[in-house]
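The values are calculated or read from the model by the stated rules, or taken from the named source; none is laboratory data. Note that this is a predicted model, so its numbers are computed, not measured. Every residue, glycine as well, gets a Cβ built from its backbone with ideal geometry; the counts of neighbours run over all protein chains shown.
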Amino acid sequence: MCQEPVAEPPMTQPSPILSGLRLRCGACGKGKLFRSYLKLNDACPVCGRPMNNEDTADGPAFFVGFGVLVLTAPFIFIVPMMSMPAAAKVVAFAVLCAVVIGLILALLPVAKAILLNLQLHHGAEEASFERGEDD
Ligand SMILES: [Zn+2]
């Protein structure tokens, strides 16, 4: 017995993660999110979705800083234990610092774009408390 494949509904919104990886709007997947390094456009240049009230706070900095720390922290302990001249260790630490700063600067816009698109996709908003009738 053969069943016919069920047609899936067409995707109306692009994946918030994939569009964030490309630094694109989570609603249309085409418009650029940023007008400069971390400054958001006021609205999507393609679909017009407003972005001037969106705020990811320090979430991207936390995730990027923590991730880069986890990736690079072992080298902070490995480099001093290696048998090499002190000058080479200084150079190795300088290279390690450059790698850490480079990774953070490269990943920060991507993390901000992904978090912003996820917030918009899931309708995240400020917490508010409504008073009940017995108050
Ligand atoms: Zn858009």
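The single condition from (1) outside any loop (DSSP other than H, G, I, E, B); (2) within 24 Å of the chain's Cα centre (by Cα) that PRO45 fails is (1). Is it the case that some residue within the range 46-59 is surrounded by 13 or more Cβ atoms within 10 Å (Cβ to Cβ), modelled with pLDDT of 90 or more and within 22 Å of LEU103 (Cβ to Cβ)? Within the range 46-59 (the criterion being surrounded by 13 or more Cβ atoms within 10 Å (Cβ to Cβ), modelled with pLDDT of 90 or more and within 22 Å of LEU103 (Cβ to Cβ)), the answer is yes, since at least one residue qualifies. Of the residues that sit in the range 20-65 and are under 17 Å from LEU105 (Cα atoms) and charged (D, E, K, R), which one is farthest from the ligand (Cβ to nearest atom)? Per the stated criteria, the residue is ASP58. Taken over the range 83-132, the criterion of being modelled with pLDDT under 90 and not in a helix (DSSP H, G or I) is satisfied by HIS122, GLY123, ALA124, GLU125, GLU126, ALA127, SER128, PHE129, GLU130, ARG131, GLY132. Report the residue count in the range 49-68 for those that are under 17 Å from GLY123 (Cα atoms) and small (Gly, Ala, Ser). Here the count works out to 2.
Quick check: is even one residue across the range 7-18 acidic (Asp, Glu) and under 22 Å from GLU125 (Cα atoms)? No, every residue in the range 7-18 fails to be acidic (Asp, Glu) and under 22 Å from GLU125 (Cα atoms).
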